[in-house]
Amino acid sequence: MSNIAGKAYAMNVITPIRWYTAWLNKLFFWVALKRPSTLLGLSTLSLIHYARWTIIGPRQFPHLSPQQPRENLRYAYMLFFSNFNGSWDQYVDSFTFAIPGGLDLFWKWNLRYSKSVALTPFHDYIQYNQLETIHYYNAYPLATSNDIKAAQNVKDKLIAFDHLAEQGSDEQFMQRYRGLLRGLQHDLGSMHPTPIISMSAYQVEKRERWHAEQKQHDTTANSLNKEHEHG
């Protein structure tokens, strides 16, 4: 299992909510859709790929075959999904500072919710209800959300530049080209590799290093033993 794929982290949080108050959360979600200003603070967080809240009723979990026992659940459940760049602490803290009122509104009726401020109880609440990601695929593991936005901007500007490439004199072409470079300075940075591509890959590399160190240790020990015998 791995919550990390390159520079992206996958968060899955499932929290119980009393079925007779779940409709209130659905109402809050509807209001947030109709009034995007409710979550305006999220648009300032460039580290987020996306974030989504949804509610599953106690009778809405998949029943895949007659042999599968049916759940007898006392609660509905709110699922929160998000992908982001950066550390777990950075993400949770950024959410808290950006939309503390929105978090309290969405999680208000969830069992044992502690409010988003102070931070430590909120951290504990999220950690307790977070589920590990079983499989996490990232098509561009070395790209952050800002890298992707920059690449899209470069593509759009190059297409627009190409449409005018055959027009005007050589001097006008060079003027437009230099203007293009000036306008894209902030979008042309290189994507440096991340130290951890995935937790599974990290464990493999860690194990390989350990075996290599053990082999080196054994080789050194054998050499010393041979020198001692000949001495």
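The values are calculated or read from the model by the stated rules, or taken from the named source; none is laboratory data. In this text the structure is predicted, and so the values were computed from the model without any measurement. Cβ atoms come from the backbone with ideal geometry, glycine included; neighbour counts cover every protein chain shown.
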Just a yes or no: is a residue in the stretch 149-164 surrounded by fewer than 16 Cβ atoms within 10 Å (Cβ to Cβ), assigned to a loop (DSSP other than H, G, I, E, B) and not hydrophobic (A, V, I, L, M, F, W, C)?
no
Quick check on residue 138: is it in a loop (DSSP other than H, G, I, E, B) and either among the aromatic types (Phe, Trp, Tyr) or in contact with a Gly (Cβ under 6 Å, 6 or more places away or on another chain) (or both)?
yes
Residue 128 meets each of (1) modelled with pLDDT of 90 or more; (2) surrounded by 12 or more Cβ atoms within 10 Å (Cβ to Cβ); (3) closer than 25 Å to residue 23 by Cα; (4) among the aromatic types (Phe, Trp, Tyr) with one exception, condition (2)
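Does residue 64 qualify as being farther than 15 Å from residue 13 by Cβ and in a helix (DSSP H, G or I)? Don't jump to the end; show me each part of the working.
Numbers: farther than 15 Å from residue 13 by Cβ: yes; in a helix (DSSP H, G or I): no.
So residue 64 does not fit the description; no.
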Condition first: surrounded by fewer than 16 Cβ atoms within 10 Å (Cβ to Cβ) and out of contact with any Phe, Trp or Tyr (no Cβ under 8 Å at 6 or more places or on another chain). Now tell me which residues in the stretch 131-148 satisfy that.
131, 132, 134, 135, 137, 139, 140, 142, 146
So residue 53, is it of a type in the set (Phe, Trp, Tyr), at negative phi and touching a helix residue (DSSP H, G or I) at 6+ places or on another chain (Cβ under 7 Å):
yes
Check on residue 114, surrounded by 12 or more Cβ atoms within 10 Å (Cβ to Cβ), polar (S, T, N, Q), part of a helix (DSSP H, G or I) and at pLDDT below 90:
no
Count - residues of the stretch 27-50 that are out of contact with any Leu (no Cβ under 7 Å at 6 or more places or on another chain), within 26 Å of residue 147 (Cβ to Cβ) and outside any loop (DSSP other than H, G, I, E, B):
9
Quick check: anything in the stretch 6-19 among the polar types (S, T, N, Q) and not in a strand (DSSP E or B)?
no
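For (1) of a type in the set (A, V, I, L, M); (2) out of contact with any Asp or Glu (no Cβ under 9 Å at 6 or more places or on another chain); (3) closer than 30 Å to residue 6 by Cβ, each residue gets a yes or a no:
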site	(1), (2), (3)
27	yes, yes, no
45	yes, yes, yes
69	no, yes, no
77	no, yes, yes
95	no, yes, yes
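Could you identify the single residue in 82, 94, 46, 65 that is surrounded by fewer than 16 Cβ atoms within 10 Å (Cβ to Cβ), closer than 26 Å to residue 192 by Cβ and among the small types (Gly, Ala, Ser)?
46
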Every residue in the stretch 6-26 that is out of contact with any helix residue (DSSP H, G or I) (no Cβ under 9 Å at 6 or more places or on another chain) and under 26 Å from residue 147 (Cβ atoms), please.
6, 10, 12
Got at least one residue in the stretch 95-107 being within 18 Å of the chain's Cα centre (by Cα) and assigned to a strand (DSSP E or B)?
no
